[in-house]
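Below is one structure, written out as structure tokens; comments come after it.
The values are calculated or read from the model by the stated rules, or taken from the named source; none is laboratory data. Here the structure is a predicted model, which means the values were calculated and not measured. Every residue, glycine among them, receives a Cβ derived from its backbone with ideal geometry; neighbour counts consider all protein chains shown. Just the protein is used for accessible areas: all its heavy atoms, side chains included, with ligands, DNA and RNA removed. Shrake-Rupley method; radii C 1.70, N 1.55, O 1.52, S 1.80 Å.
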Amino acid sequence: MARLMCVANGNNTSSSTWAVIDSTSYSESETANTAMPTSYSSSASLGNFTPGAITVDGIGIRIAARTGTTGTLSVELYNHTGAASVAGTEVTVNMTDVVHCSTTNLEGG
Amino acid sequence: MGFTSTTTTVAQVETKAISTVDSSVQVTLGSGVTYAHAGTGDVVGEVFNLTGNVKILGTSTSVGTYIYADSDAIVTLDNVEIQYIGSGSNTKRGIESANLVGAVNTFTMVNCVVKDLSNSSGFGFYANTITPALVSVTNCVFYNTTLGGTGIITSHTGATAAANLSLNDNLVANFSIGVNLNGLFTGASVTANNLRISSCSTGLSNVSVGSVLIYTSDTSGHYIHSCTSGVLLNGGGKKSLTSCTIVANASSGLTSFAGTNVIESCNFYGNSSAVLLSGVSTVAAATYFNSCNFRSTSSLSQTTAVNVSTVMPSNAYTEFNNCNLGQTNAHTSADITVSFTFSGTLIFNNCVLASSAEITSTAYTLLDENGIISLMRKDGTASNHSAYIKQAIVTPDTTIYKTASPSLRITPKSASITASTRLMPFRAYVNSGQTCTPTVYVRESEAGDGAAYNGNRAKLYVKANYNLGITSDTLLDTATASSDGA
Amino acid sequence: MFFKFSAPVTLLGATAYVVRFKTSSSSQCSIFTGGGLSTATRFLRTTTTQAPVAGDDRFIMGEWTAAATMTTRAVTADDTITIDYGSASTSLVTPALSISNGGTYEVPTSASTAYIQKISGNVVVYSGGTLKVGSSGSRMPSTSSLTWTMDCASNVDFGIRIKAYGTFSAYGESKQRITTLTSNVSAAGTIIPVTSTTG
């Protein structure tokens, strides 16, 4: 059983529409939610994973609640072993780009 | 294609496959219907399309799925067939909208068919339990191959009214409860009209929810037939039914009262009993039937318009105004039936009672000290009044009177139980310090009056009035032999 | 929510990585976790492409590349043979088909086609996501059909859940749904006279 994410507009049955989500890095829960910090946390405080020599093109996260629309949100991939950010992996969006969602109905996807 | 029953046999609802659509007004089936279905007269059967080319399905008759829309989900289901759904579990009840008052997005179902609950605790459609809003379910078919579950329910308990809730023009067949309308409805934006409900154990139900004031806004134009009980009004608060046709229901057309109910311009035809008064003994009810019609059909007997069948509290009040009972096709038992001890008040104003038996001959034996059945201007005739009280019938007498017509004729029906007009006392205004001297002219009837009175002498009482220091009903005077034929 | 790199990145073998995140202002949003940031919800998408097969879970969402810059993603549900998608998880947290903001899963309405969808698992449409079958102006035509089966093992194992601000719409062929008989039909009768067959 694989987890696939759409990578291009197209037919469901087409192989070019879907790309594989790495199973090692995959983590999904709605048990709790934690406020995003205003600076990157130390890698030691975050759950690390060793996916192997794979090629990846993006990061997915689940927003629990958008409580404000000020400023930006940034995500990056960080090499915990080498203690360095992985070049070309930081993406920054506006808080206004984040969908309206709350923890009441868990509609953030 | 489905066909509703058109008799009092609930199980005559059936489905058959279409062979051809012959024209805009005719269809031919692949095989014939099992039962006869009426298309003319007082009961006209519905025909409903159970097929859509967009289908959402569970797995089987016992393993189903669900659709749940959170508040502010944007949902439109248009000509969709949904089969094998529902359970008693929260958020998995069937098709459910959790839209709350304050939501900005709509939940809409139109022209869909929802069939075959996979669990008897399931629901065809379930509206939010707090305050539904912006929900529209219209012109849909809800059908169960096997009777059970609930077709449509709104069961909200919030103190805030529902808003923009529309449950119009749906057909519901073969559920334990066809449509269950509860909760706080108010205002023109909430409507549940023109529902066609058949072949259910209870067709239309309204059950009290906690202590919240419940008001059902205009629910009108329903056609409720071939259920065991057509309508159940057992919820607190005020409810109204307008312009409904309630026919061919196996047990009763309308039953089990509580709260305040206004039944306006409704027809009750061919039900076993049209109206069954069987309220909870401790729950008061005031019910008004205005301009309603009650009768048998040419093929279905209705035994009675109203049947007092179980205990009713002394403050239960039922009033019929400008109604027709037993016209065209008479009731087979009596227009009014009292079959249980009755403590309440039953009033008929300007009603026509056309059956050969207007009221159960032994009705007066079942009335207790607080029970009264009053018929005023019966059959539309001026001065044609009568009152049934405990063991007596009271009528105006325009033939025998003392000074001016009419007098009050009291006909006792028991040799051992005193007939008393305590429920219809005469009232006199008395200023402080003033003395009131009531005078009553009493005549004991002779054989020429219809029957000779052979009971005890009539007595005059003043009723207890603690404001005047009268702590019990007090005897003032007793008639003498001179009242014989006086 | 998916953040797409400017170009794919090849990771190192035997190397541990973490996903880090931050906001420029405090108290702007929270992220789902299992109980703390060390268990934050996250995944990496590889560049390995493949068609879905039975048992696969699927995610559809827009791709954010920069501020105010999202590429929407739409998948056309063109199946005409039965494939039982989904890992059969009964949890809404791990749906078989997840449609998030910027994502659309659409069943087409081509003529003379019998579309099939079979899913073992929940279908969850999150805020900003769209699940659709045709539209009011492009209904499923009479020559076509869609049969969408939620392949539950026990009653209500799975369902379709539409979250706040998620969209689910479906438009079948318009039919006369309810009518009445216009004359009596006897038992065994096959000719059915009705008020209208066409609405």
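Key figures for this structure:
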| quantity | calculated |
| --- | --- |
| Residue list for region C:68-83, restricted to those being farther than 25 Å from C:PRO141 by Cβ and open to solvent by less than 40 Å² (accessible area, probe 1.4 Å) | C:ARG73 |
| Which listed residue, of B:ILE82, B:ILE74, is facing another protein chain (nearest Cβ under 10 Å) and surrounded by fewer than 24 Cβ atoms within 10 Å (Cβ to Cβ) | B:ILE74 |
| Filter pass, A:SER41 being surrounded by fewer than 22 Cβ atoms within 10 Å (Cβ to Cβ), more than 7 Å from every other protein chain (Cβ to nearest Cβ) and of a type in the set (Ser, Thr, Tyr) | no |
| A:THR24 without any contact (Cβ under 8 Å) to a residue 24 or more places away in the chain, in a loop (DSSP other than H, G, I, E, B) and at negative phi | no |
| Residues that are closer than 13 Å to B:PRO132 by Cβ and either at pLDDT below 85 or open to solvent by 40 Å² or more (accessible area, probe 1.4 Å) (or both), drawn from region B:97-112 | B:LEU100, B:VAL101, B:GLY102, B:ALA103, B:THR106 |
| Residues of region C:181-192 satisfying the condition of being surrounded by fewer than 18 Cβ atoms within 10 Å (Cβ to Cβ) and in contact (Cβ under 8 Å) with a residue 12 or more places away in the chain | C:THR182 |
| Every pair of residues 6+ apart whose Cβ atoms lie under 8 Å, when the first sits in region B:231-247 and is under 16 Å from B:PHE257 (Cα atoms) while the second is of a type in the set (D, E, K, R) and part of a strand (DSSP E or B) | B:LEU233/B:LYS239; B:SER240/B:GLU264; B:LEU241/B:GLU264 |
| From B:THR332, B:THR310, B:THR337, B:THR362, residue being of a type in the set (Val, Ile, Thr) and in contact (Cβ under 8 Å) with a residue 60 or more places away in the chain | B:THR337 |
| Residues of region C:53-111 satisfying the condition of being free of Cβ contacts under 8 Å to residues at least 24 places away in the same chain and either aromatic (Phe, Trp, Tyr) or closer than 21 Å to A:SER23 by Cβ (or both) | C:VAL93 |
| Which numbered condition B:SER445 fails, given (1) more than 33 Å from the chain's Cα centre (by Cα); (2) open to solvent by 60 Å² or more (accessible area, probe 1.4 Å) | (2) |
| Residue in region B:379-395 that is part of a helix (DSSP H, G or I) and more than 22 Å from B:PRO313 (Cα to Cα) present | yes |
| Looking only at region B:464-476, and only at residues there that are in contact (Cβ under 8 Å) with a residue 24 or more places away in the chain and open to solvent by 80 Å² or more (accessible area, probe 1.4 Å), the one that is farthest from B:TYR401 (Cα to Cα) | B:LEU468 |
| Which numbered condition B:THR365 fails, given (1) assigned to a loop (DSSP other than H, G, I, E, B); (2) out of contact with any strand residue (DSSP E or B) (no Cβ under 8 Å at 6 or more places or on another chain) | (1) |
| Region B:13-56, subset among the hydrophobic types (A, V, I, L, M, F, W, C), in contact (Cβ under 8 Å) with a residue 24 or more places away in the chain and closer than 29 Å to C:ILE160 by Cβ, residue farthest from the other protein chains (Cβ to nearest Cβ) | B:VAL13 |
| Checking B:SER89 against (1) among the polar types (S, T, N, Q); (2) touching a strand residue (DSSP E or B) at 6+ places or on another chain (Cβ under 7 Å); (3) not in a strand (DSSP E or B), the condition it does not meet | (2) |
| Selection count where residues are touching a Phe, Trp or Tyr at 6+ places or on another chain (Cβ under 6 Å) and on the phi > 0 side of the Ramachandran plot, scope region A:78-104 | 1 |
| Those residues of region C:84-119 which are more than 18 Å from B:TYR66 (Cα to Cα), of a type in the set (Val, Ile, Thr) and assigned to a loop (DSSP other than H, G, I, E, B), in sequence order | C:THR109, C:THR113 |
| Qualifying positions in region B:1-51 - among the small types (Gly, Ala, Ser), open to solvent by less than 30 Å² (accessible area, probe 1.4 Å) and part of a loop (DSSP other than H, G, I, E, B) | B:SER5, B:GLY32, B:ALA38, B:GLY39, B:GLY45 |
| The lone exception for B:SER265 - which of (1) closer than 27 Å to B:GLY380 by Cβ; (2) crowded, with 24+ Cβ neighbours inside 10 Å it fails | (2) |
| Residue check, C:ALA77 within 9 Å of chain A (Cβ to nearest Cβ) and on the phi > 0 side of the Ramachandran plot | no |
| Odd one out for C:GLY166 among (1) surrounded by 22 or more Cβ atoms within 10 Å (Cβ to Cβ); (2) over 12 Å from the mean Cα position of the chain (by Cα); (3) not β-branched (Val, Ile, Thr) | (2) |
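Here's the yes/no breakdown for (1) in a strand (DSSP E or B); (2) in contact with a strand residue (DSSP E or B) (Cβ under 7 Å, 6 or more places away or on another chain); (3) at negative phi; (4) modelled with pLDDT of 95 or more:
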{"position": "C:PHE21", "(1), (2), (3), (4)": "yes, yes, yes, no"}
{"position": "C:SER27", "(1), (2), (3), (4)": "no, yes, no, no"}
{"position": "C:LEU44", "(1), (2), (3), (4)": "yes, yes, yes, yes"}
{"position": "C:ALA51", "(1), (2), (3), (4)": "no, yes, yes, yes"}
